[in-house]
Amino acid sequence: MPVVRPSEAVTHEIHGARFVSYATPRTGSKELCAWRGEIPAGTKAPAHTVNREEIFHLLVGELVVTLDGRAERISAGDTVIVNAGTTLAVENPTAHTALSWVTTSIGLEAELADGTRITPPWAN
């Protein structure tokens, strides 16, 4: 039975946020990836367009999530469905770190506004 313990999770950092990876092909997943996101106070991640659907569930805190230019303030317990092809931006305007849980299918890529493509290891 594949069980990923917290001590076995792999942490990645980019754009001021931490991504703690639990489910990937490396840990035995065949179709999905899942990670905990840690978004520190004051973080404003760059807008990026995703090629796979993401399910973004906020565990702790508050964030401003912008999808295709429409901003929405979300609170702990809220879930945002980010469809493939959507441009996503996340900002933490609060004084506390926000924690999220994100699930997507293997193969996620993101394209920044300047055309830079990112293949995050926590989603591949």
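The values are calculated or read from the model by the stated rules, or taken from the named source; none is laboratory data. These numbers were taken from a predicted model, which means no experiment stands behind them. Here the Cβ positions follow ideal geometry from the backbone for every residue, glycine too, while neighbour counts run over all protein chains shown. Each accessible area value is taken on the protein alone, full model and side chains, heavy atoms only, with ligands, DNA and RNA left out. Shrake-Rupley method; radii C 1.70, N 1.55, O 1.52, S 1.80 Å.
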If you scan the stretch 50-69, which residues turn out to be over 12 Å from the mean Cα position of the chain (by Cα) and either small (Gly, Ala, Ser) or assigned to a strand (DSSP E or B) (or both)?
Leu59, Val60, Gly61, Glu62, Leu63, Val64, Thr66, Leu67, Gly69
Taking the stretch 79-108 and keeping residues open to solvent by 60 Å² or more (accessible area, probe 1.4 Å) and closer than 21 Å to Tyr22 by Cβ leaves Thr79, Ile81, Thr97, Trp101
Mind listing just one residue for me: the one in the stretch 17-45 that is surrounded by 13 or more Cβ atoms within 10 Å (Cβ to Cβ) and among the small types (Gly, Ala, Ser) and, of those, nearest to the chain's Cα centre (by Cα)?
Gly37
Enumeration of residues in the stretch 85-97 that are without any contact (Cβ under 8 Å) to a residue 40 or more places away in the chain and either assigned to a strand (DSSP E or B) or more than 18 Å from His57 (Cβ to Cβ) (or both):
Gly85
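Kindly provide the set of residues from the stretch 14-44 that are of a type outside the set (Ser, Thr, Tyr) and more than 15 Å from Leu99 (Cβ to Cβ), ordered by number. Break it down into steps so the answer makes sense when it comes.
We begin by selecting, within the stretch 14-44, every residue of a type outside the set (Ser, Thr, Tyr); these are 14-20, 23, 25-26, 28, 30-42, 44.
Ile14, His15, Ala23, Pro25, Arg26, Gly28, Lys30, Glu31, Leu32, Cys33, Gly42, Lys44, listed by residue number.
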Residues that are surrounded by fewer than 19 Cβ atoms within 10 Å (Cβ to Cβ), touching a helix residue (DSSP H, G or I) at 6+ places or on another chain (Cβ under 9 Å) and in contact (Cβ under 8 Å) with a residue 60 or more places away in the chain: does the stretch 110-120 have at least one?
no
From the list Ser7, Ser100, Ser29, Ser21, pick out the single residue that is assigned to a loop (DSSP other than H, G, I, E, B) and either of a type in the set (S, T, N, Q) or touching a helix residue (DSSP H, G or I) at 6+ places or on another chain (Cβ under 6 Å) (or both).
Ser29
